[in-house]
Amino acid sequence: MRVILLGPPGSGKGTQADLIYQSYGFPKISTGDLLRKEVENGTGLGRKVNEEMKAGRLVSDDLVLELVKQRLSADDCRSGYVLDGFPRTLNQASLLENLENNRQETAFEFKVSEPEILKRLSGRMVCLQCGAVYNINNNKPQADGVCDVCGSKLVVREDDRPEVIRERIRVYLETIVPLIDYYSKKKVLFQINGQDSTGNIFKAIKAVLDDRLAKDGEN
């Protein structure tokens, strides 16, 4: 099963990907995380990516596809995986299917308003050491600016600045319509209210996945 999570930045895709992993064992593949790791490691690819991410622009398809291809070759992806942040364009969807054209796939579109996204992301802080995520609005760390998990300093990512968030939303809205239409025509797209509670969102996702996995097992 290939699970594709579509939605603007801050729509809760990462949280739901973690819950899917806990229930189904499908690893989360976040292109954002893969790209940021390249940036942190200071690779040649990372330097190119950093310039694009700081400006809120999409990284080129060729760069992203190379990272995704490497990750999908890992053993833990054999039974299924969750894609968070990829594909974002029709071209990326086509490239993905060329990589693996025999997997059942299910796409979820997370619907969240722009004011809610700005509220969520403008208060977000992350730990670069262990990856833990906090928010000053609803998930504060026990000590200001310090990670509860590993004690490292928390930072606000460059791409979580308000002006960059607005640009990321604009780019998302500009590119997502044809992709949503594409998965709708394939009859594999399911819309999710991303402003519902985390538990209710996952219940909706689980109901769809359980049904589709059961049907796939019957074939």
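Readers should treat all values here as calculations from the given coordinates under stated rules, not as data from a laboratory. Every value quoted in this text rests on a predicted model; they were computed, and no experiment measured them. Cβ placement follows ideal geometry from the backbone for every residue including glycine, while neighbour counts extend to all protein chains displayed.
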Which of LYS37/LYS69; LYS37/LYS203; LYS119/LYS140 exceed 26 Å between C-alpha atoms? The answer is LYS37/LYS203
Summing -39500 (n - 2.57) over every DSSP H run of at least 4 residues in the chain and dividing by its residue count gives a helix-only mean residue ellipticity at 222 nm, to the nearest 500 deg cm²/dmol, of -16000 deg cm²/dmol
Subtracting the Cα-Cα distance of ARG170 and LYS153 from 0.36 nm times their residue separation yields 3.1 nm
For the range 113-156, inverting the pair-averaged 1/r of distinct alpha-carbon atoms gives a Kirkwood value in Å of 10.5
Ranked on Cβ counts within 10 Å of their own Cβ, fewest leading, GLU40, GLU52 go GLU40, GLU52
Calc'd 3J(HN,Hα), the range 74-83, phi into Karplus 6.51 cos²θ - 1.76 cosθ + 1.60 (θ = phi - 60°), Hz, glycine/Pro = x, comes to 6, 4, 6, 9, 4, 8, x, 6, 10, 9
Taking Cα pairs closer than 8 Å and at least 6 residues apart, the relative contact order of the chain in percent is 29
In debye to the nearest 20, the charge dipole size for the chain, taken about the Cα centre with +1 at each Lys and Arg Cβ and -1 at each Asp and Glu Cβ, equals 220
tail above 17 Å in the computed P(r) of the range 11-82, as % of all Cα-Cα pairs, reads 49
Longest principal axis of the chain (C-alpha) makes with the long axis of helix 61-72 (C-alpha) an angle, in degrees to the nearest 10, of 70
Computed over all unlike Cα pairs, the Kirkwood hydrodynamic radius of the range 72-206 in Å stands at 17.3
If the chain between LYS186 and GLU100 were fully extended at 0.36 nm per residue, the gain over the current Cα-Cα distance would be 29.4 nm
Note on the range 113-156: contact order normalised by length, alpha-carbon pairs under 8 Å, 6 or more apart, percent, works out to 35
Answer in debye to the nearest 20: the dipole magnitude of the range 8-77 about its Cα centre, from +1 Lys/Arg and -1 Asp/Glu charges placed on Cβ, is 180
Under 5 Å from the placed amide H of THR106, counting only residues 5+ away or on other chains, we find ARG2, VAL3, ILE4
Summed over the other residues with a beta carbon less than 10 angstrom from that of GLN104, with K and R at +1 and D and E at -1, the charge totals +2
